[in-house]
Amino acid sequence: MLFALLATLSATAVTAPAAQPAAVRPYQSLHLEVPYVPSIARIDGEDRLVYELHATNFAALPLAVTAIDIGAAAGGAPLARIDPAGAVRRIGAQAGPATEIAPGGRAIFYLSIPWAGRARQPLLHRISLTPVRPGGAGPSVAIAGGEFTPTLPFTATLGAPLRGGPWTAVALPDVDNGHRRFPYAVSGRVRLPGRHAIDWMPAVGFDLRSTGADVAADGSGADVLAVADGEVVTVKDVAVPGTPASVEDETGAMIVLRLPDGRYAFYQHLAPGIGIKAGMRVRRGQVIGRVGSSGHVTQPHLHFHIADGAAPLDGEGLPYRFATGHIVGRYADIADFKGKKAWEAAAPRPIDGLPPANAVIVFDAARDLTRRRN
């Protein structure tokens, strides 16, 4: 009897239909990640979160992103709704409209949202998307991911990196093709060292005498100043002719200064012949170099940014605040700046955090150079 029962069970197990695998829906294959947790940034008098959302498509179909909502992880009304068409940059060669992520493809959404008087809380992204099928688009769905909690803002303020002016603040976070659009992965992790970088270039009406001695009309030779008391951790002069090229040579002659709060200030594209050495301590306002055109540049300028590490390409760009300097106007757009057109004058006002892109700034508060804009 027992043998017969076992034989029956064995036959049943062999002949029973195999269990069917659960259907995998395409929209369950989008991986969302915030590699850099932002600290609250002050930009032209407004607190903002400036960061990037990475989306990787592990599905077999393209996924078309239609909207991004950012809100509290606990629920409630969204803090912001982002049009993906204006924020996305796809990585690698991908076919289809700009908001479609191909199978195996990755997109970076460059986000900048207001942060007005809210307590720190976990935030979550809710992504609306549509699977793109050969016979037509599938049903629109929404997923949630990329949760993070913003970190507190940095309270320490910085001195001026330059003298006089007027200078133009070029290539801030909202510039489409600025430093923020160039991530680096040099140690197995993607980073954006230039997230809040500024290229300082002379504006129309540049006063050579206000910026140092033996300064050229293009800004070459202008005094570069320590923005805080700190220790010089790196001094890199121009590459020696004949040495193998490195991506880090793009920085040209460079100084890296460790600030009292542990952040690092980067000064790049300096003139050769830097007179300070690594290990020296400098004081806020001290001349540490001169504006130059070394490295990968199209014209002389000072590249300045703050990061969380001392390596030029292996650190996250951090926000910072200036405690000096006056905004005296702004170029309507970068094309006007490049065309050496007049900038739009405005009543002088102190920089509140970081300046807006293409702002025209004078670092000598005692002088108003707006009359020189033409």
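The values are calculated or read from the model by the stated rules, or taken from the named source; none is laboratory data. As the structure is a prediction and not an experimental result, all values here were calculated from the model. Glycine gets a Cβ as well: all are built from the backbone with ideal geometry, and neighbour counts include every protein chain shown.
Some points to look at:
- For the condition in the same structural domain as residue 270 (by TED's automatic domain parsing) and not aliphatic (A, V, I, L, M), residue 166 qualifies.
- Residue that is part of a strand (DSSP E or B), small (Gly, Ala, Ser) and out of contact with any Ser or Thr (no Cβ under 7 Å at 6 or more places or on another chain), where the choices are 128, 112: 112
- Residue that is in contact with a Leu (Cβ under 6 Å, 6 or more places away or on another chain) and modelled with pLDDT under 95, where the choices are 245, 228, 253, 239: 253
- Test set (1) more than 24 Å from residue 182 (Cβ to Cβ); (2) at pLDDT below 95; (3) surrounded by 15 or more Cβ atoms within 10 Å (Cβ to Cβ) - residue 374 fails condition number: (3)
- Within region 70-106, being more than 24 Å from residue 183 (Cβ to Cβ), part of a strand (DSSP E or B) and not basic (Lys, Arg) holds for 71, 72.
- For region 125-148, the set of residues classified as surrounded by fewer than 19 Cβ atoms within 10 Å (Cβ to Cβ) and touching a strand residue (DSSP E or B) at 6+ places or on another chain (Cβ under 6 Å) consists of 126, 128, 137, 138, 140, 142, 143, 144, 145, 147, listed by residue number.
- Set 168, 155, 151: member being surrounded by fewer than 18 Cβ atoms within 10 Å (Cβ to Cβ), on the phi < 0 side of the Ramachandran plot and modelled with pLDDT of 90 or more: 151
Every residue, every condition in (1) surrounded by 17 or more Cβ atoms within 10 Å (Cβ to Cβ); (2) within 14 Å of residue 31 (Cα to Cα); (3) assigned by TED's automatic domain parsing to the domain that holds residue 356, yes or no:
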{"site": "53", "(1), (2), (3)": "yes, yes, no"}
{"site": "75", "(1), (2), (3)": "no, no, no"}
{"site": "88", "(1), (2), (3)": "yes, no, no"}
{"site": "95", "(1), (2), (3)": "no, no, no"}
{"site": "106", "(1), (2), (3)": "yes, yes, no"}
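- The strands (runs of 3 or more DSSP E) found wholly in region 264-346 and carrying at least 2 residues that are within 19 Å of residue 192 (Cα to Cα) occupy 264-270, 302-307.
- Any chance residue 117 is modelled with pLDDT under 85 and in a loop (DSSP other than H, G, I, E, B): yes
- Scanning region 276-334 for residues that are of a type in the set (S, T, N, Q) and touching a residue at least 24 places away in the same chain (Cβ under 8 Å) gives 286, 293, 294, 299, 324.
- Positions within region 265-281 being within 12 Å of residue 231 (Cα to Cα) and in contact with a Leu (Cβ under 7 Å, 6 or more places away or on another chain), in sequence order: 265
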